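Structure first, then comments.
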Amino acid sequence: MENIDIKKKRTPLGYMLGGLLRHPGAIAFAIIMTIISTLLITFPMVFLGFAVDELEASSAITPAFMSFVWYIVIVTLVYMVLYFGVGYVWALVTLRWERDARQEFFEILQENSMTFHDEIDSKRLLSVAMQDLNWVRLSLNPALRNIVGGLASFGITGILLALVDQQIGGGGLPVLTLLMLIGTPIYLIFAYKYASAVEPVRRKRSETMERMTSISQGVFAGIEVVRAFGAEDRETEKFYETSKVYEEVVAKEGRLAAFYIPALVLIAITTIAFFYGGTAVLNGDMTSGTFVQVLTLLVALTFLNFQLPWMLLMLRGGIVNSRRIVDILNWEDPLVEPELPVQVDWSGDIAFDNVSFCYNSSNGNNGHYALKNLNLTIPGGSRVALIGGPGGGKSTILKLLLRLYDPTEGAVSVGGIDLRDVCTKDVRDAVGIVEQDIFLFRMSVRDNIAFGRKDATLEEVKEAAERAQATEFIEELPEEYESMVGERGMTLSGGQRQRLAIARALIQDPKILLLDDSVSAIDAQTEFLMRKALDEALVGRTSITVTQRLRTLIESDIVIIVDKGQLVAVGPHDELIRTSEQYRRVFERLPGAARLLTTADTPGGAA
């Protein structure tokens, strides 16, 4: 695949044609050969007229007559070879365009920040990637190809009929020439108007198909929830209603197709030419062969251009589909890669300098802030526990550190370097995360663990699995590390998914490790073993753990408590339990906290 500037702004028409212009030689050859093939298809009609005149003059099968027959056969064979060759080139160029465009679209989805995915529904992205790109390709081939051939046929037929008018002579009106000069614009105007009438219907069909895709994907992805709540009938009814709308839209498009006015224009041109030619033959101004030439040329013109309005519709529809694609490609990402990236000492202090963050802020959303005026410094190498109520901003802090987002206000820095000045790839190489909502891919256990390091050896994968206490259950699987994991890890228990996610983070050997409530689905015994392994893994690196576990809070160097996006308290557990009333209230609610607090409050006791 050729390199594509995925950040380049473009227009819908420019997007369509730009893909073709990446293959200028092939597309120029295809257009020229299309015009030549259109010219060739008129030759049999011309030879047919000469053959009729020869037959009429000689009243016998003469060598000259047979020559014209062979000319017709040879030109027809050459046309067929050229037609299929041209079709192959057009198909090759447009399929390459679709391949490159789909690859570019896929790259855009990964290049853009999480703000992009927050604002644009994944179901819409799927519909655009599958349906709209395909429609754009069809608007190039066969639509654009047939439009080029159709316009060429009008021009070539007009020239040949003008030659017939000159041949007839007599000083009269050049009727056939005038017929083409008047009839062609009328036909093209009606064809354009027809395409304009059908275009909104086609757009609605595309949007309705997108809704059907959205409903289907939602049900397939959440089939377990749908069945658990017995919602099959409701979802079936929703899909049926949308499908009914789609049926009505397609039926409306069919009704428009039934009243095909542009075809009547071509038929009217042929009828007038038939009447004029017949009169000219009777008056001796035109030979029977010339009359046959005129009629067969016009019949061929009708045949070649019967679908021209549909081709114009497909081309206009392709522009509509291109606009939907370009709207996504031209999306302004608030997260910008630095022009001159800076290297970072990842063992340095982490600082949040007056950080505020609001999701979807690129849309001018001035709603609820996930973080507000957060000022915080975490010494390098610290083990940090992050605690707070739902919606407090805990996960947002981790996402800013991973540079999935940039702060709306303020700055996040590591070792004194603003993360905005660091490439996102460098950030994600140095910062590892075990997310709360574990996502595993439909691939082998080994590939899931090595997802962030495709060059990892099997020994490294096994070592990471062992440190995450995942070895035992992996070796019980039918094919061990080559066993396939079901979609989203559904074939594994919650604890097994979390252990694989921890192994996936550890194999990266991150300088900063983020754990978003990563042991919530693990039993006490496994947690004890995993904590022991993590103790070794966390040596010499900064770690931040979102947790509700007593042991994690007590053993951390620093405990940070946030509430409603603001910093409430920060410090060691022993200090906060004495000085922070809010931290003490949160701690008291945790299982086992009462016993520890009683021991700490007892004279001579210790927390």
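The values are calculated or read from the model by the stated rules, or taken from the named source; none is laboratory data. Please read these numbers as outputs of a predicted model, since none were measured by experiment. Quick reminder, even Gly has a Cβ in these numbers, built from the backbone with ideal geometry, and neighbours come from all protein chains shown.
Confirm whether Thr213 is within 20 Å of Asp132 (Cβ to Cβ), polar (S, T, N, Q) and touching a Phe, Trp or Tyr at 6+ places or on another chain (Cβ under 6 Å). Working first, answer last.
On the way: within 20 Å of Asp132 (Cβ to Cβ): yes; polar (S, T, N, Q): yes; touching a Phe, Trp or Tyr at 6+ places or on another chain (Cβ under 6 Å): no.
No, not satisfied.
Any residue in region 6-21 that is of a type in the set (Val, Ile, Thr), at pLDDT below 90, buried (at least 17 other Cβ atoms within 10 Å of the Cβ) and within 26 Å of the chain's Cα centre (by Cα)? Lay out the reasoning, then the answer.
Filtering region 6-21 down to residues of a type in the set (Val, Ile, Thr) leaves 6, 11.
Next, from what is left, pick out any that are at pLDDT below 90: 6, 11.
Within this subset, residues satisfying the condition of being buried (at least 17 other Cβ atoms within 10 Å of the Cβ) are none.
No; the residues of region 6-21 include none that is of a type in the set (Val, Ile, Thr), at pLDDT below 90, buried (at least 17 other Cβ atoms within 10 Å of the Cβ) and within 26 Å of the chain's Cα centre (by Cα).
Report whether or not Ser196 is at pLDDT below 80, under 18 Å from the mean Cα position of the chain (by Cα), closer than 18 Å to Ser139 by Cβ and in the same structural domain as Arg323 (by TED's automatic domain parsing).
Details: at pLDDT below 80: yes; under 18 Å from the mean Cα position of the chain (by Cα): no; closer than 18 Å to Ser139 by Cβ: yes; in the same structural domain as Arg323 (by TED's automatic domain parsing): yes.
No, not satisfied.
Matching residues to (1) without any contact (Cβ under 8 Å) to a residue 40 or more places away in the chain; (2) surrounded by 18 or more Cβ atoms within 10 Å (Cβ to Cβ); (3) not small (Gly, Ala, Ser):
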residue: Gln166; (1), (2), (3): yes, no, yes
residue: Ile182; (1), (2), (3): yes, no, yes
residue: Ala191; (1), (2), (3): no, yes, no
residue: Arg203; (1), (2), (3): no, no, yes
residue: Asp233; (1), (2), (3): yes, no, yes
residue: Glu237; (1), (2), (3): yes, no, yes
residue: Val245; (1), (2), (3): yes, no, yes
residue: Val250; (1), (2), (3): no, no, yes
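Would it be correct to say that Leu173 is outside any helix (DSSP H, G or I) and free of Cβ contacts under 8 Å to residues at least 12 places away in the same chain?
Numbers: outside any helix (DSSP H, G or I): yes; free of Cβ contacts under 8 Å to residues at least 12 places away in the same chain: yes.
Yes: the conditions hold for Leu173.
Working carefully through the options Arg446, Arg467, find the one that is farther than 30 Å from Asp333 by Cβ, out of contact with any strand residue (DSSP E or B) (no Cβ under 7 Å at 6 or more places or on another chain), charged (D, E, K, R) and touching a residue at least 60 places away in the same chain (Cβ under 8 Å). Lay out the reasoning, then the answer.
On the way: Arg446 fails: touching a residue at least 60 places away in the same chain (Cβ under 8 Å).
That would be Arg467, the only listed residue that is farther than 30 Å from Asp333 by Cβ, out of contact with any strand residue (DSSP E or B) (no Cβ under 7 Å at 6 or more places or on another chain), charged (D, E, K, R) and touching a residue at least 60 places away in the same chain (Cβ under 8 Å).
Of the residues Val292, Val344, Val355, which single one is within 30 Å of Ala268 (Cα to Cα) and surrounded by 18 or more Cβ atoms within 10 Å (Cβ to Cβ)? Let's see the steps before the verdict.
Numbers: Val344 fails: within 30 Å of Ala268 (Cα to Cα); Val355 fails: within 30 Å of Ala268 (Cα to Cα).
Only one candidate passes the filter, namely Val292.
For region 452-460, state whether one or more residues are touching a helix residue (DSSP H, G or I) at 6+ places or on another chain (Cβ under 9 Å) and either closer than 22 Å to Asn354 by Cα or surrounded by 20 or more Cβ atoms within 10 Å (Cβ to Cβ) (or both).
No, region 452-460 contains no residue that is touching a helix residue (DSSP H, G or I) at 6+ places or on another chain (Cβ under 9 Å) and either closer than 22 Å to Asn354 by Cα or surrounded by 20 or more Cβ atoms within 10 Å (Cβ to Cβ) (or both).
In region 437-450, which residues are buried (at least 16 other Cβ atoms within 10 Å of the Cβ) and out of contact with any Ser or Thr (no Cβ under 7 Å at 6 or more places or on another chain)? Write out each step before concluding.
Initially, region 437-450 is screened for residues buried (at least 16 other Cβ atoms within 10 Å of the Cβ), giving 438, 440, 444-450.
Correct list: Ile438, Leu440, Arg446, Asp447, Asn448, Ile449, Ala450.
Any residue in region 307-316 that is surrounded by fewer than 18 Cβ atoms within 10 Å (Cβ to Cβ), among the hydrophobic types (A, V, I, L, M, F, W, C) and either touching a helix residue (DSSP H, G or I) at 6+ places or on another chain (Cβ under 7 Å) or farther than 30 Å from Ala430 by Cβ (or both)?
Taking every residue of region 307-316 in turn, none turns out to be surrounded by fewer than 18 Cβ atoms within 10 Å (Cβ to Cβ), among the hydrophobic types (A, V, I, L, M, F, W, C) and either touching a helix residue (DSSP H, G or I) at 6+ places or on another chain (Cβ under 7 Å) or farther than 30 Å from Ala430 by Cβ (or both).
Could you go through region 193-208 and let me know if any residue there is farther than 18 Å from Met311 by Cβ and of a type in the set (D, E, K, R).
yes
Please tell me if Asp353 is touching a Gly at 6+ places or on another chain (Cβ under 6 Å) and not in a helix (DSSP H, G or I). Quick ask: steps written out before the conclusion?
Numbers: touching a Gly at 6+ places or on another chain (Cβ under 6 Å): yes; not in a helix (DSSP H, G or I): yes.
Taking the combined requirement at face value, the residue satisfies it.
Considering only residues that are polar (S, T, N, Q) and in a helix (DSSP H, G or I), look in region 391-425 and name the one that is farthest from Gln548 (Cα to Cα).
Within region 391-425, the first condition is being polar (S, T, N, Q), and the residues that meet it are 395-396, 408, 413, 424.
With the extra rule that they be in a helix (DSSP H, G or I), the set shrinks to 395-396, 424.
Working: Ser395: 14, Thr396: 17, Thr424: 30 Å.
Per the criteria, the residue is Thr424.
Of all residues in region 374-394 being surrounded by fewer than 19 Cβ atoms within 10 Å (Cβ to Cβ) and of a type in the set (Gly, Ala, Ser), which is nearest to Asp353 (Cα to Cα)?
Ranking the qualifying residues of region 374-394, first place goes to Gly380.
Would you mind finding the one in Arg428, Arg442 that is in a helix (DSSP H, G or I), under 27 Å from the mean Cα position of the chain (by Cα), at pLDDT below 90 and not acidic (Asp, Glu)? Reasoning before the result, please.
Details: Arg442 fails: in a helix (DSSP H, G or I).
The match here is Arg428.
So Arg420 ticks every box in (1) in contact with a Gly (Cβ under 8 Å, 6 or more places away or on another chain); (2) within 17 Å of Asp353 (Cβ to Cβ) but one. Which box is left unticked?
With (1) in contact with a Gly (Cβ under 8 Å, 6 or more places away or on another chain); (2) within 17 Å of Asp353 (Cβ to Cβ) applied to Arg420, the lone miss is (1).
Regarding Ala268, is this residue out of contact with any Cys (no Cβ under 7 Å at 6 or more places or on another chain) and under 30 Å from Leu163 (Cβ atoms)? Steps first, answer last, please.
Values: out of contact with any Cys (no Cβ under 7 Å at 6 or more places or on another chain): yes; under 30 Å from Leu163 (Cβ atoms): yes.
So Ala268 passes the test.
Could you please find all residues in region 477-532 being among the charged types (D, E, K, R) and at pLDDT 75 or above?
Initial filter on region 477-532 (among the charged types (D, E, K, R)): 479-480, 482, 487-488, 497, 499, 504, 509, 511, 516-517, 523, 527, 531-532.
Glu479, Glu480, Glu482, Arg497, Arg499, Arg504, Asp509, Lys511, Asp516 - these are the residues of region 477-532 that are among the charged types (D, E, K, R) and at pLDDT 75 or above.
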